[in-house]
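This report concerns only the one structure given below.
Only the coordinates and a few stated rules stand behind these numbers; no lab work does. The shown structure was predicted, so the numbers you read here are calculated from the model rather than taken from an experiment. Positions of Cβ are generated from backbone atoms using ideal geometry, with glycine treated the same way; all protein chains shown enter the neighbour counts.
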Amino acid sequence: MSYCVNCGVELDGTAHACPLCQTPVMNPRQPVDTFSPPPFPTRRKEVPPVSKRILAVLLSAMLASAAVCCGVLNLVLKPELHWSVFVIGAAIMVWIWLVPPLLLRGIPLPVRLLLDIVAVGLYVYLISRDVRGGTGWFLGLALPIILTGGAVVLFLGLVLQNGKRSILSGITIVIGAAGAVSFFAELFVDRWLYQCWTPEWSLIVVTICAALIVPLIIVRRVPSLREEARRRFHM
């Protein structure tokens, strides 16, 4: 057993040079073994990437299969109930989320997010057509929450897409957006149920978010704390 004279790493008998520091191996008492296979490959090879078109076809087939099977099962067991419509709608929504970004590489991020928001809105509208109360709760409650959440997601996508912001800044923005969504969600729920706004649980969420944001801002502003956080959390 021999070791590298430069870095001390253990050397295999077939090594002509140290695999760590590339120092040539010169051991007159133990010549290099040129007959045994090396313990690791000498040529670098890369796994070919998966075709996005094939992946899109596979996802489409999986979602279509689930939708068709649920539809047939619904017709065989209880045709008077239309529960399979929800499964088919969910499959279409997931297809819109996953497949177009795979096939259309140049589609802008705002367009992708808008398609996702529209898909969620249409799916919830489909549910409202078959749920007690009709579409009233969709227009008065679900649609405002979907639009507000979609606006927040669109804002986050536009702000964080360039990758120039630090991890601390990104975490701060995401926490603030979560607090804003909870605030408006309770506002819409209270106005729909009680015709007035009495903030309760959203204030707790906003307070927790603020308690998390303030230390992050302090760490972001103080260079010594920022460097310590980067070192400890490998950011």
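Under 5 Å between amide hydrogens, built in the peptide plane, is the criterion, and for SER2 it picks out LEU11 among residues at least 5 positions away or on other chains. With contributions of -39500 (n - 2.57) from each DSSP H run of at least four residues, the per-residue ellipticity at 222 nm computed over the chain stands at -21000 deg cm²/dmol.
Taking the longest Cα principal axis of the chain as reference, the axis of helix 201-221 is set at about 30 degrees. When the P(r) of the chain is calculated, the portion above 30 Å amounts to 59% of the C-alpha pairs.
The 3J(HN,Hα) values that the Karplus relation (6.51, -1.76, 1.60; θ = phi - 60°) gives for the stretch 164-173 are, in residue order, 7, 7, 6, 5, 4, 5, x, 5, 4, 5 Hz. Gly and Pro appear as x. Length gained on full extension, GLN30 to ALA211, computed as 0.36 nm times the residue gap minus the Cα-Cα distance: 58.7 nm. Relative to the current alpha-carbon distance between ARG191 and LEU225, full extension at 0.36 nm per residue lengthens the span by 7.9 nm. Counting neighbouring Cβ atoms within 10 Å and putting the fewest first, the residues SER2, SER182 line up as SER2, SER182. Which residues in the stretch 131-160 have a backbone N closer than 17 Å to a point placed 7 Å from the Cα of TYR125 along the Cα-to-Cβ line? Under cut-off, by backbone N: 131, 134-151.
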